[in-house]
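Worksheet: the structure to be examined is printed underneath.
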Amino acid sequence: MLTLRAAAQLLAQADSRQSLRPIAHALGFTATPTALDADARERLHIDALTTSAELMRGVGPLRWLCAELAPPTDLAGAADPRELTKRLAATMLQQAPARHWCLITLDARRRTLCIATVCAHSSGARVAALRIDRTRVVDSDADTLRTLAAVSEPDALLRHARFTDILRREALSTRFYGILERAVSTLATDVSGPTAQSALPAERRELALLCTSRCLFLAFLEAKGWLDHRLDFLLHHTTTQLEAGGQLHQRLLRPLFFGTLNTPRRDRAPAARRFGAVPFLNGGLFSPTPLEKRHRTLRFSDDAIAHLVGSVLDRHRFTAHEDSASWSEAAVDPEMLGRAFESLMATDERRRSGSFYTPPALVDQVVRDAVFTTLPDLPPDALDDTNAPLLLAPATHNALHQLRLLDPACGSGAFLVHTLERLSTIHRRVQLATGAPATPDTHRIRRQILTHCVFGVDRNPVAVWLCELRLWLSVVIECAE
């Protein structure tokens with residue numbers, strides 16, 4: 001049985017194609033690898049995607065591809081290891097559809113490692129992946145690899161299916177929700193201050209949920225390096241404040257939430273400026289709520305906050321990429337902001353407000369029906385996430401640019417985020433058909449759609465804030481790393 005420490009070491013040490021082999025061996029691929037030279041990679045149509053690669057046999061039709069990804073200059077400037085891995089997986093599936101493919105890729109900078117499987121679907125290849133920053137391997141990365149290594153099914157199809165289940169987001173999210181639930185309960189229980197006893201249990205839980213939602217959102221910013229360029233921003237400041245005497249709620253979280261993130265940089269006090277290069281987020285999530293103003297003296301304990309930061313957030317991989325039809329990742333993504341908020345609400349409150357989780361498959365179907373009903377002349381494949389140009393009739397083209405969509409009960413944004421992504425796919429493909437650059441500016445496209453086409457309202461202000469943050473993340477994630 002692979003230990004957590006051993007799994008973490010395998011991931012951290014994987015800095016070359018040869019050092020990827022121990023990971024393959026841990027997952028049961030022990031055959032002698034076959035190196036693919038330039039001619040072999042050209043025959044497989046992966047020469048533009050990789051600089052080197054090798055194949056390893058597994059049981060039956062199970063195959064493992066180890067590859068070093070091409071640098072940006074080899075692929076018209078494309079540098080996203082996620083996108084390159086997705087394209088590589090789809091190509092291998094297309095070239096050898098009778099095989100059950102597993103892949104491990106290393107980007108040109110030797111920093112990002114992807115372990116993935118790919119499955120055929122009517123809408124195209126579907127990839128499930130664990131994407132790792134080798135410079136900062138977290139416990140959830142090592143735990144996912146350890147779980148993969150424990151798979152023992154002798155049948156190739158079942159083994160591949162089990163790998164895929166482990167690498168999908170749902171496997172991690174199930175564990176994460178349980179841990180998060182306990183962290184919120186600990187926050188809500190372990191409180192102090194003059195108003196602590198007068199606060200109702202439901203009020204303490206709402207305050208704990210607000211605090212957790214804010215910290216969750218900051219974990220996504222941290223993963224992008226947007227909090228003072230540190231990937232350990234929250235843990236660093238939590239540890240520093242504990243060493244300086246503690247009082248994390250009043251001396252760390254409140255100044256960070258209300259004096260920094262909610263305040264333009266030019267107006268920040270000296271204490272706020274000590275957090276460094278932290279963005280100004282002009283959103284309601286970082287403004288005190290009426291409930292917080294009523295209980296402004298209530299304090300969460302240092303132990304509860306340190307547990308949330310050090311034992312929950314810092315031990316999990318976060319990504320600002322949400323699940324799509326073609327990509328699912330073993331990481332905490334922004335959809336979990338909404339799912340966590342909805343699942344952690346009290347049952348009676350969920351029932352009164354109608355706040356329930358909507359499965360991605362239903363979201364996709366509703367969005368597709370809405371788009372094709374509004375634009376009936378769109379080609380059937382218009383929403384497919386491909387690089388194929390999409391040429392529209394003039395009337396359909398004009399209707400697309402005049403389209404406005406409203407979700408009258410948007411909640412935390414499941415439908416709006418998916419709508420934004422699908423519309424951006426259409427606009428990107430239309431641009432490709434009209435002579436736009438080979439790599440359209442997805443960030444600009446999404447920003448324009450969000451500004452002019454997508455609208456939502458909801459009776460719950462916290463849900464609206466989370467919806468705004470998810471939409472914001474959907475736009476800025478396309479900015480350069």
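The values are calculated or read from the model by the stated rules, or taken from the named source; none is laboratory data. What you see is a predicted model; the values in this text were computed from it and never measured. Ideal geometry is used to build each Cβ from the backbone, glycine not excepted, and the neighbour counts take in all protein chains shown. The protein model used for the area step is the full one, side chains on, heavy atoms only, and it has no ligands, DNA or RNA in it. Shrake-Rupley method; radii C 1.70, N 1.55, O 1.52, S 1.80 Å.
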How many percent of the accessible area of the range 12-59 is carbon or sulfur, using a 1.4 Å probe?
48
Please list the non-local residues whose amide H lies under 5 Å from the amide H of ASP107, H modeled 1.01 Å from N, same-chain partners needing a gap of 5 or more.
LEU69, THR112
In nm, to one decimal, how far is the GLN247 label point from the ALA433 one, both placed 7 Å along Cα→Cβ?
6.3
Just to confirm my numbers, what's the Cα centroid distance between the range 32-63 and the range 123-141 in Å?
21
At 0.36 nm per residue, minus the direct Cα-Cα distance, what do THR174 and ALA370 gain on full extension? Give it in nm, one decimal, please.
67.5 nm
Gained length - ARG447 relative to ASP381, 0.36 nm times residue gap less alpha-carbon distance
21.4 nm
Around VAL363, what is the net charge, scoring Lys/Arg as +1 and Asp/Glu as -1 over all other residues with Cβ under 13 Å from its Cβ?
-3
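Antiparallel DSSP bridges in the chain: what percent, to the nearest 5?
Values: 25 of 39 bridges.
Beta bridges within the chain, antiparallel portion: roughly 65 percent.
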Whole angstrom only: what separates the Cα centroid of the range 263-308 from the Cα centroid of the range 149-226?
21
Ordering of 259-268, 305-314 by packing [mean C-beta count within 10 Å, highest first]
305-314, 259-268
Could you check how much of the accessible area of the range 92-133 is carbon and sulfur, as a whole percent, using a 1.4 Å probe?
45
Enter the accessible area of VAL59 (Å², nearest 10), with the probe set to 1.4 Å and all protein chains included.
70
Taking 130-137, 208-215 and ranking on average Cβ neighbours within 10 Å, highest first, one gets 208-215, 130-137
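Calculate, for ALA161 and MET1, the FRET efficiency according to 1/(1 + (r/R0)^6) with r their C-beta to C-beta distance and R0 22 Å; round to the nearest 0.05. Display every interim value, and only then the final one.
On the way: r = 21 Å, r/R0 = 0.98.
With R0 = 22 Å, the Cβ-Cβ based efficiency is 0.55.
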HN-Hα J couplings of the range 396-408 from phi, Karplus 6.51/-1.76/1.60, θ = phi - 60°, integer Hz, Gly and Pro as x?
5, 4, 5, 5, 4, 6, 9, 5, 10, 10, 10, 9, x
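If R₀ is 51 angstrom, what is the calculated FRET efficiency for the pair GLU83 and ALA269, using the beta carbon separation as r and rounding to 0.05?
0.75
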Apply the a/c threshold of 1.5 to the C-alpha gyration tensor of the range 242-332 and tell me whether it is rounded, prolate or oblate.
prolate
Summed side-chain charge close to PHE280 - residues other than PHE280 whose Cβ falls under 10 Å, Lys, Arg +1, Asp, Glu -1:
+2
Order these peptides, 399-409, 177-187, by their mean beta-carbon neighbour count within 10 angstrom, highest first.
177-187, 399-409
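Return the Rg/Rh ratio of the range 112-258 with Cα-based radii and a Kirkwood Rh. Kindly include the intermediate steps, with their values, before the conclusion.
Numbers: Rg = 19.9 Å, Rh = 18.5 Å.
Over the Cα atoms of the range 112-258, Rg/Rh equals 1.08.
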Per-residue ellipticity at 222 nm for the chain, helices alone: DSSP H runs ≥ 4 residues times -39500 (n - 2.57), over residue total, nearest 500 deg cm²/dmol?
-14000 deg cm²/dmol
Measure off 7 Å from each Cα along the Cα-to-Cβ vector at GLN18 and THR34, then give the distance between these two points in nanometres to one decimal.
2.2
Taking Cα pairs under 8 Å and at least six residues apart, what relative contact order does the range 90-152 come out at, in percent?
24
Backbone HN-Hα couplings from phi across the range 239-244 [Karplus 6.51/-1.76/1.60, Hz, Gly and Pro as x]:
5, 4, 6, 4, 5, 8
Quick query: amide H of LEU36 versus all other amide H atoms, modeled in the peptide plane; which residues come in under 5 Å with a sequence gap of 5 or more or a different chain?
ALA53, GLU54, LEU55
Could you work out how much longer the chain between HIS45 and ASP228 gets when fully extended? Use 0.36 nm per residue separation minus the Cα distance between them, nm to one decimal.
61.8 nm
